[in-house]
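Read the figures in this text as sums done on the coordinates, not as results from a lab. Predicted model, so just to flag it, every value in this text is computed and none were measured. Cβ placement follows ideal geometry from the backbone for every residue including glycine, while neighbour counts extend to all protein chains displayed.
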Amino acid sequence: MTATTDGSAGAMGPRAAAASDTTDTALAIGLEEAAKRAAERSVEHLLGRQDAAGWWKGDLETNVTMDAEDLLLRQFLGIRDAGTTSAAALFIRGEQREDGTWATFYGGPGELSATIEAYVALRLAGDLPEDPHMARASAWIRDQGGIAAARVFTRIWLALFGWWKWDDLPELPPELIFLPKWFPLNIYDFGCWARQTIVPLTVVSAKRPVRPAPFPLDELHADPARPGPAKPSAPMASWDGVFQRIDKALHVYHKVAPRRLRKVAMNVAARWIVERQENDGCWGGIQPPAVYSVIALHLLGYDLEHPVMRAGLESLDRFAVWREDGARMIEACQSPVWDTCLATIALADAGLPADHPALVKAADWMLGEEIVKPGDWAVRRPGLPPGGWAFEFHNDNYPDIDDTAEVILALRRVKHPDPAGVEAAIARGARWTVGMQSKNGAWAAFDADNTSPFPNRLPFCDFGEVIDPPSADVTAHVVEMLAHEGWAQHPRTRRGVEWLLAEQEPNGAWFGRWGVNYVYGTGSVVPALTAAGLPRSHPAIRRAVAWLESVQNEDGGWGEDLRSYKEQPRVVQGASTASQTAWALLALLAAGGRESKAVERGIAWLAGTQRTDGSWDEPYFTGTGFPWDFSINYHLYRQVFPLTALGRYVNGEPSLSREG
């Protein structure tokens, strides 16, 4: 299979041809030597990127809706300034495609809601509807159905300025906060990211604020005379029909809701929001809940100088990445814990001494980030002692099961001067992780048994995942960690292994929830299964190997386009990337394929495409927030995973197993 630079299958393009040339060079000097040199250069590059405090963090690139909504928030609060606006507009313009649209990932198709939000942000920045780039965008928007066809969240932003009617949006009553934890559609039925967004939005939905619009948006309606929705009702006997009619009833309730009850509900919601503000002022370490929390509290009377508001706004400024050309990109989230544990694993597996100062410093920082207080996860696991690590700098309410597993694997690779302290932290983290196992034997990212079928049915929830069911990649990382902790034969681990085996796709791959996609899932599961004691000859492992070999690109690398989340025939049809090539290699190496042609070609591709400074270039998005709906380019993935693969090729599989 050959991949073109736009992510589709086809004839070999310039990037693939260049990779082929450099692969030949790597083979010419000897693969072992080429891999060693590439690993050494990568180690130096990664060491040079470590912060003085011990952590690593690469940019977390998503799409321009983050930047557009940041400007809309500032417009709503009356704090938008010329410098911020100009810098944001510079970035947004730079992301526009020739057809006038904005995509949500590199090489992806134009996306309606992202294009609408980007267009409105540029209007705020002073760009005129008749400007060529704006005219192309508005024409495309109208052709796609206009604002009426946009997702709910986009229309909420427009409703804040009177560009859309609140009556034409799904209702989200603040009384939702009163539903008991056992009742369907209580706030803890939603995934943590959705929960943190929905609670403040209940306040916004109840208040229905409208700030004066600085300009009209008639040019974005497919039918300016009738800009409202025209979607037919689903049959009453269907779940969609039931929830549509519930929404109509809630619209009626909005008009007659008892004022005292509604006020109490909003105050309880406000207290819930404030109690979950992190020490750095953010909420959950991610930008969207922080934005909506600031709006909700502002509507409830918190002025901008209130300590909660001031800290919240300051936290949003920390999501900004200023580029050399003066453009300002907003990160949806920041990933220092995740990046640091992955960098530690990569460096250790590449042969850096376990007591190297960089590794000890990284371990010190990770130990300082341990979460030792209960969070919202305790709603489903009230008796479980706390432990574990989050993804971000500050997110004590939501430690991440995936991060916790990888941090433990990283700490095991470091020879720390306080071994007793490390052992205690690992024990707490492992105990908490085991306790977060769901009933089916697998693990999710943040919560246990967060699998209610109802939240996804709400008319409000038309974008992304709103629940947190177990996934193969998270479960694999937990199984791998437990196996290395000596728990390979423990009943909890065996249940995880059984779940993974049952989840294997007919073609031999595993679905990747938090990375793109089947290559990520398979690259996570195979090392976990072998660590847990499955023989390399096991049929599941051999099927996985056969599948990976069948989808290797002609240039020797692997690449999977995000369309694999939507279109099965397109599975693994994309330009080779450093991170996805590394994931495939990690699986093949764990399966005993070091001497195979597939591994040799993959290692040669990594060595041959490395830049002179020891890094790799990767414009493609290989991380996943919500499958298809929200994609991520983790800028450190292209560094840590290739180094891990090269290190294991040169030095062999890591040996961390402990007595059970």
- [ ] Using the number of other C-beta atoms within 10 angstrom as an exposure proxy, rank 92, 371 with the fewest first.
- [x] 371, 92
Open item on the list: Could you list 321, 519 so that the one with the fewest beta carbons within 10 Å of its beta carbon is first and the one with the most is last?
Closed with: 321, 519
- [ ] Within 10 Å of each residue's Cβ, count the other Cβ atoms and sort 65, 522, 433 from fewest upward.
- [x] 433, 65, 522
Task: q = 0.07 Å⁻¹, the chain: log10 I(q)/I(0) [Debye, one scatterer per Cα] - done: -0.46
- [ ] Sort out for me the Cα centre separation of the range 527-588 from the range 590-660, rounded to whole Å.
- [x] 12
- [ ] Using only Cα atoms, tell me the angle between helix 637-651 and the longest principal axis of the chain; keep it within 0 to 90° and round to the nearest 10.
- [x] 20
Task: Compactness relative to 2.2 N^0.38 Å, alpha carbon Rg of the range 335-452 - done: 1.06
Open item on the list: Can you tell me the length gained on complete extension of the stretch residue 354 to residue 210, counting 0.36 nm per residue apart and subtracting the Cα distance?
Closed with: 46.0 nm
Task: Computed magnitude of the charge dipole of the chain (debye, nearest 20; Cβ of K, R +1, Cβ of D, E -1) - done: 2020
TODO: Before rounding to the nearest 500, sum -39500 (n - 2.57) across all DSSP H runs of length at least 4 in the chain and divide by the residue total; then give [θ] at 222 nm in deg cm²/dmol.
DONE: -15000 deg cm²/dmol
TODO: Any chance you could give the angle, 0 to 90 degrees and rounded to 10, that helix 14-28 forms with the longest Cα principal axis of the chain?
DONE: 20
Open item on the list: Nearest 10 degrees is fine. How inclined is helix 239-256 to the longest principal axis of the chain, computing both from alpha carbons?
Closed with: 40
Task: Residue (of 359, 372, 342) at the positive-pole extreme of the range 335-452, dipole from beta-carbon charges - done: 372
- [ ] Quick one: what are the phi-derived ³J(HN,Hα) couplings along the range 527-534, Karplus 6.51/-1.76/1.60 with θ = phi - 60°, whole Hz, x for glycine and proline?
- [x] x, 5, 5, 5, 5, 7, x, 5
